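The values are calculated or read from the model by the stated rules, or taken from the named source; none is laboratory data. Worth saying up front: this structure is predicted, and the values here are computed from it rather than measured. Cβ placement follows ideal geometry from the backbone for every residue including glycine, while neighbour counts extend to all protein chains displayed. Remember, those area values only see protein heavy atoms, side chains included, never the ligands or the DNA or RNA. Shrake-Rupley method; radii C 1.70, N 1.55, O 1.52, S 1.80 Å.
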Amino acid sequence: MDGSDGARSIAQTQAEAYDGPPDHRVGARHEVYPELSHDEIERFNFLAQMNRHLQTKVIPLVESTWDNRIEPRFEAKHGATPQDRHEARKELLTDPVFQTWSALKRMTMEQRQQAGRWAAIRQAETLAAKAEALVREGQLSLDPALPIPRYVSAVDHHCMPGSYHTELFPGDVSGSANYDCGLHVTVGGRGGAYNDGIGTQLASWVKEAFPDFKPSRILDLGTTTGHNLLPVARAFPDAEVIGIDVGTPVLRYAAARAAALGVDNVRFVQADATDLSRFDDGSFDFVMSTMFLHELSLASMDAILREAHRLLAPGGLLLNMEQPAYKGMPVFEQAMRDWDAFYNNEPYWTTLHGLDLDEHFVAAGFPRDRLVYTAFPSPPGAGRGRKIGMVFTGARKEAA
């Protein structure tokens, strides 16, 4: 073997050993995706790597500090270990190791938003024109008079200025483009080429778990850019697929994105999921959501679950992808997961994950013996105790 062969062998070995975020350059693109400069891509790459570093290297340090210093200090002071996540979080806040991790994590969220926001705003008019040209007649139904619920309008979710509903000018899609190009950072590059990994997994699981399930109408609640709906639409090409959201810009972008990616059995409707009276009782076979329930006030969530039950045909399926409930987790893990509620503009996160969702599905009308639950493992390096990465939770409506 000559020197060049040896160099290639080392390079190949290094490439095979690498399990970090993929380079943002290799991600798939579509017509309405923002064009990114070299420096913009490198900002995203840095932030994705920082997110992965914080998750796999710094959180273990926080864990060992909890075991060896923070929890013993609390026990010495109070004569008992922390009894709930709130006690644990308040004690974590006093320690410089947790403070450093928290500050760096918040920094990555703020810088991720500013990186994506700048990339999108500098080409906002071009993106708006592309979106307008791509959207086909009948693919998008907007309601300018629709009130934006306060749980949306009062919060800059995930440190995103203006959240998902704000328009800078008529036809604007810049906030949605920011979300689309920056999601790679938020998920540490684990979302797949089109940031649709959750939707892809959901579609695959439904087909495996319910092989005879052939929905003719599908409804996605809180669809945002439709990134997790399109894999489901592709998986059921004969179905009529509808995504709803309260935000005008995200729906406009979602329709353009679907057209750009050649998914033609989906349309997008502006609506508040607490009142879907425009749709008839029993008119959908499959109602889904992905990372949506934790964005809702409790009263709104219960109203939405009741609407989902009304809309489902006999035997229909409600399926929601979410982070797991806190019940049974060590208080340290609960406190760490609660970070988003206090420091990432996710005010309803802690409420949702403290609930027994089964009781809310039953209260909405679903039979207890028809509840659906399955858990998926966390990715490697997620940290001690974080065995579950996400869950699918929901119910089948009673058969006719």
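Size of the dipole of the range 54-101 about the Cα centre, Lys and Arg at +1 and Asp and Glu at -1 on the beta carbon, nothing else charged, in debye to 20?
So the dipole magnitude of the range 54-101 works out to roughly 140 debye.
How about K327: which lysines have a C-alpha closer than 21 Å to its C-alpha, ignoring those fewer than 8 places off in the same chain?
Once the sequence-local lysines are set aside, what remains near K327 is K90, K387.
Along the positive direction of the dipole of the chain (beta-carbon charges: Lys, Arg +1; Asp, Glu -1; about the Cα centre), which of T81, N320, F44 reaches farthest?
It is T81.
Which whole-number percent is the relative contact order of the chain (Cα, under 8 Å, 6+ apart)?
16 percent
So how do 250-259, 27-36 stack up, highest first, on mean other-Cβ count within 10 Å?
Result, highest mean Cβ count within 10 Å first: 250-259, 27-36.
Using the Kirkwood radius over C-alpha pairs as Rh, can you work out the diffusion coefficient of the range 183-327 via Stokes-Einstein at 4 °C, viscosity 1.567 mPa s, in µm² per second?
It diffuses with D of about 84 µm²/s by this estimate.
Enumerate the calculated ³J(HN,Hα) couplings along the range 155-170 in order (Karplus 6.51 cos²θ - 1.76 cosθ + 1.60, θ = phi - 60°), each rounded to whole Hz, writing x wherever the residue is Gly or Pro.
10, 8, 4, 6, 6, 8, x, x, 6, 9, 10, 7, 9, 7, 6, x
Farthest toward the dipole's positive end in the chain, which of P96, A131, P170, given Cβ charges of +1 (Lys, Arg) and -1 (Asp, Glu) about the Cα centre?
Towards the positive end, the residue furthest out is P96.
Taking amide hydrogens as modeled 1.01 Å from N in the peptide plane, which residues meet the under 5 Å criterion relative to L219, leaving out close sequence neighbours?
Those lying under 5 Å, H to H, from L219 are I242, F286, V287, M288.
Straight-line reach from K397: which aspartates and glutamates fall under 13 Å, measuring Cα to Cα and dropping same-chain residues less than 8 apart?
In chain and number order, the partners are D281, D285, E307, D369.
So if I place +1 on the C-beta of Lys and Arg and -1 on the C-beta of Asp and Glu, and nothing else carries charge, what would the dipole magnitude of the range 97-184 be about its Cα centre? I want it in debye, nearest 20.
420 debye
Can you list the aspartates and glutamates whose alpha carbon sits under 14 Å from that of K77, skipping same-chain ones fewer than 8 residues off?
E87, E91
For the chain, what is the mean residue ellipticity at 222 nm derived from helices alone (per DSSP H run of n ≥ 4: -39500 (n - 2.57); sum divided by total residues; nearest 500 deg cm²/dmol)?
It comes out at -13500 deg cm²/dmol, rounded to the nearest 500.
May I ask you to evaluate 6.51 cos²θ - 1.76 cosθ + 1.60, the Karplus curve with θ = phi - 60°, for each residue of the range 227-233 and list the ³J(HN,Hα) values in order in whole Hz, giving x for glycine and proline?
For the range 227-233, the Karplus-derived couplings read 5, 8, 7, 4, x, 5, 4 Hz, x marking Gly and Pro.
How large is the charge dipole for the chain, taken about the Cα centre, if only the Cβ atoms of Lys, Arg (+1) and Asp, Glu (-1) carry charge, to the nearest 20 debye?
So the magnitude is around 520 debye.
Per the Kirkwood definition applied to all pairs of different Cα atoms, how many angstroms is the hydrodynamic radius of the range 306-346?
For the range 306-346, inverting the mean 1/r across all distinct Cα pairs yields 13.0 Å.
Sequence-distant or interchain residues sharing an amide H contact under 5 Å with F213, placed H: which?
Close amide H contacts, sequence-distant or interchain: none at all.
May I ask you to list the GluC sites (Glu not before Pro) in the range 118-154 that are in a DSSP loop and have at most 15 other Cβ atoms within 10 Å of their Cβ?
E137
In percent, how large is the relative contact order of the range 130-201, given Cα pairs closer than 8 Å and 6 or more residues apart?
Once divided by the residue count of the range 130-201, the mean separation gives 16 percent.
V372's amide H: which non-local residues (gap 5+, or another chain) put their own amide H closer than 5 Å, with H modeled 1.01 Å from N in plane and none for Pro or chain starts?
Placed amide hydrogens put G394, A395, R396 under 5 Å from V372.
Taking only protein heavy atoms and a 1.4 Å probe, what accessible area per residue, in Å², does the chain have with all protein chains in place?
Per residue, the chain has an accessible area of 44 Å².
Under the 0.36 nm per residue contour assumption, what length would be gained going from the current alpha-carbon distance of K90 and F169 to full extension?
This chain segment gains 24.2 nm when fully extended.
List the trypsin sites (Lys or Arg not before Pro) in the range 89-161 that DSSP assigns to loop (not H, G, I, E or B) and whose Cβ has at most 15 other Cβ atoms within 10 Å. Which are they?
Those satisfying the criteria are R122, R136.
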